[in-house]
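Here's the structure we're looking at; comments come further down.
Taken together, the values in this text are just the output of simple stated rules run on the coordinates, not laboratory data. Since the structure is predicted, the reported quantities are computational estimates derived from the model, not experimental observations. Using ideal geometry, Cβ is built from the backbone for each residue, glycine included, and neighbour counts are taken over all protein chains shown.
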Amino acid sequence: FKAPSRDHPALYRDLLRTNRVHWIAEEPPAELVREKMMDCHFRFRHQMALVPCVLTLNQDGSVWVTLVKPARAITPGQFAVFYKGDECLGSGKILRMGPSVYTLQQGKNREESPKKEEIDKIEPAT
């Protein structure tokens with residue numbers, strides 16, 4: 001897919017899923033096991049700024065990563081690396097991504113604008 005510009009909404013996503021996470025401490029963080037969710041930060045490119053996110057632990061050891069704000073150009077095959085403060089918690093390979101901001105906006109636009117036939121039913125033409 002080639003987007004029309006570097007900042008096109010199709011390049012931004014706020015949800016992704018990893019494979020089974022490799023935790024530095026061998027086990028997932030206690031908070032994540034206990035609550036099934038945990039706030040932390042992640043990056044998927046070396047030296048990029050850390051992005052706040054929420055991890056949701058799946059039965060198979062993979063995680064869903066929900067970003068506080070959409071990030072640009074996340075790609076399956078890259079590694080998501082998770083941090084709590086300065087501590088690296090672990091990483092997982094990105095397998096799947098949620099819909100792009102562009103797709104979500106298209107869905108919203110469709111929901112918000114009623115079809116012409118619906119408008120005609122409500123307000124008969126005079």
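Please list, by residue number, everything in region 69-93 whose backbone N is under 11 Å from a paramagnetic label point 7 Å out along Cα→Cβ of R45.
72-75
For region 7-99, with the dipole built from +1 on Lys and Arg beta-carbon atoms and -1 on Asp and Glu ones, taken about the Cα centre, which of F82, P9, T66 lies farthest toward the positive end?
P9
Amide H of L15 versus every other amide H placed in the peptide plane: which residues, excluding those fewer than 5 positions away on the same chain, fall under 5 Å?
Those qualifying (amide H under 5 Å, at least 5 residues apart or on another chain) are L67, G98.
Give me the net charge of T56's neighbourhood, meaning all other residues with Cβ under 10 Å from the Cβ of T56; Lys, Arg count +1, Asp, Glu -1.
Value of the local net charge: +1.
Using Cα pairs under 8 angstrom and six or more residues apart, how large is the relative contact order of region 7-99, in percent?
Dividing the mean separation by the residue count of region 7-99 yields 41 percent.
Which FRET efficiency, nearest 0.05, do T75 and A30 yield, Cβ-Cβ r, R0 35 Å?
0.65
Output the peptides 67-77, 10-20 sorted from most to least packed, where packing is the average of other Cβ atoms within 10 Å over each peptide's residues.
Taking the mean over residues of other Cβ atoms within 10 Å, the ranking is 10-20, 67-77.
Would you kindly derive the ³J(HN,Hα) couplings of region 20-33 from the backbone phi angles with the Karplus curve 6.51 cos²θ - 1.76 cosθ + 1.60 (θ = phi - 60°), listing them in order in whole Hz, with x for Gly and Pro?
4, 6, 8, 8, 4, 7, 6, 10, x, x, 3, 4, 5, 5
Along the charge dipole of region 7-99, Cβ charges K/R +1 and D/E -1, which of L32, L95, T56 sits furthest on the positive end?
After comparing all options, I get L95.
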